[in-house]
Amino acid sequence: MTAPIDQLAPATLRIGTQVSTLTLRQLPHGALKALLRLSDGPVTMAELLALAGLDGKPSSDRFWLEVEHLFSRFAIKIAIVDDDGTVAELTPNSQLAAPVWDHRGITGESYRASQYTLLRHANGVLLFEQLVRHVQIHTSRPLLATIFAALADAQDLSDVSLLLPGTAEGVLPAAMWLLALSGAIERTDTTEADDPALTVRQPHDLFLHNNSRRGLSPGRVSASYRFAGQKAPLPALREPWPGESVVLPRPDLDVLRKCDPPLADVMERRRSVRTFQDTPLTLPQIGEFLYRIFRVKSVVPASMDNDHGYESTRRAIPSAGGMHALKCMWPSVRWRIWSDCFITTIRRTTP
């Protein structure tokens with residue numbers, strides 16, 4: 001355990017985690033002893049069970065409830081250790097971490113790999129990221145990856161052990177237990193297909209969602225500037241077009257302020273248009289559209305006083321960080337030269 005524990009009363013503990021401070025009251029004596037033992041350093045699961053006096057009781061027991069709370073608040077880690085060191089380590093990705101606390105054991109049970117588990121290389125280790133359970137396993141050994149690959153088809157512990165002869169005693173069952181705890185592998189009698197929320201979600205959907213929402217990813221989300229100091233930022237404005245240019249008429253903003261309809265009227269009359277006229281826009285119309293939407297009011301120089309240190313622009317429309325990643329290229333073609341397909345494409349880009 002990485003969090004300090006204070007005993008406030010005979011059955012009350014206060015635990016300070018990275019996320020919040022937990023006060024656990026009316027703890028059963030066994031659960032109290034086991035939680036206090038966690039504060040002394042690494043402890044085996046067998047020792048914890050003996051201290052808690054559980055002996056295989058169901059996961060609704062108070063002890064397991066508090067262990068789950070501590071795990072989701074980054075206060076404890078779960079690891080497999082052998083004579084050569086740490087085999088694998090299970091940690092939460094967010095406060096939504098929900099390991100599969102199934103205490104029936106893995107012997108005799110059939111498992112298959114979860115489709116919502118992402119396996120990749122990260123920072124010198126192999127990373128199993130379970131997208132539904134919000135947990136991840138770090139390992140620098142091939143054992144867990146071999147087990148995961150073997151469970152592309154449903155198999156039990158005895159089947160997998162035949163594929164991995166010579167594995168140290170106890171390590172293979174522990175590795176399968178850790179994979180099952182993380183949700184990286186699932187029991188075949190309760191599959192992900194039974195969850196209505198997952199029937200409409202693909203793995204890439206969850207990966208994008210988890211890594212683009214604060215609180216669902218251990219890393220920084222949005223405005224991370226991960227290449228700051230490594231790559232020079234792009235200029236806010238591109239080089240001027242080298243070819244022939246057309247000077248567009250600029251609208252009179254004072255006139256527009258007087259003549260423009262009210263915003264409420266514009267919003268009420270708004271509709272989608274999917275049929276287009278053959279009449280091209282006039283130069284004044286193009287000039288007004290581009291002036292209203294894409295004109296650059298000013299360029300903000302790069303400054304090392306802020307987090308990003310890149311050049312940005314102020315325009316009539318907002319953009320996160322003033323980046324304005326969308327650029328406008330207005331096509332101009334001779335209609336008789338291009339095919340009908342291309343003409344349709346050009347027309348669809350015009351308002």
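The values are calculated or read from the model by the stated rules, or taken from the named source; none is laboratory data. No experiment lies behind these values; they were computed from the predicted model shown. Note that each Cβ is placed from the backbone with ideal geometry, even for glycine, and that neighbours are counted across all protein chains shown. Note: areas computed on protein heavy atoms with side chains; ligands, DNA, RNA excluded. Shrake-Rupley method; radii C 1.70, N 1.55, O 1.52, S 1.80 Å.
Here region 73-97 is the region considered, the condition is being small (G, A, S), closer than 25 Å to G30 by Cβ and at pLDDT 90 or above, and the residue that is most open to solvent (accessible area, probe 1.4 Å) is A79.
Evaluate the following for L131: is it in contact (Cβ under 8 Å) with a residue 40 or more places away in the chain and open to solvent by less than 70 Å² (accessible area, probe 1.4 Å)? Spelling it out, L131 is indeed in contact (Cβ under 8 Å) with a residue 40 or more places away in the chain and open to solvent by less than 70 Å² (accessible area, probe 1.4 Å). Evaluating P142 against the criteria (1) open to solvent by 60 Å² or more (accessible area, probe 1.4 Å); (2) within 21 Å of Q202 (Cα to Cα) leaves one unmet condition, (2). Pairing each residue of region 20-38 that is without any contact (Cβ under 8 Å) to a residue 24 or more places away in the chain with any residue that is in a helix (DSSP H, G or I) and surrounded by fewer than 21 Cβ atoms within 10 Å (Cβ to Cβ), provided the two are 6+ apart or on different chains, yields C-beta distances under 9 Å for Q26/R62; K33/L51; R37/E47; R37/L48; R37/L51.
Just one residue in the set L234, L208 is open to solvent by 80 Å² or more (accessible area, probe 1.4 Å) and part of a helix (DSSP H, G or I); that residue is L208. For region 196-205, taking the residues that are in a helix (DSSP H, G or I) and without any contact (Cβ under 8 Å) to a residue 12 or more places away in the chain, the one that is farthest from Q95 (Cα to Cα) is identified as P196.
Selection of region 269-287 for residues being surrounded by fewer than 10 Cβ atoms within 10 Å (Cβ to Cβ) and outside any loop (DSSP other than H, G, I, E, B) yields only R269.
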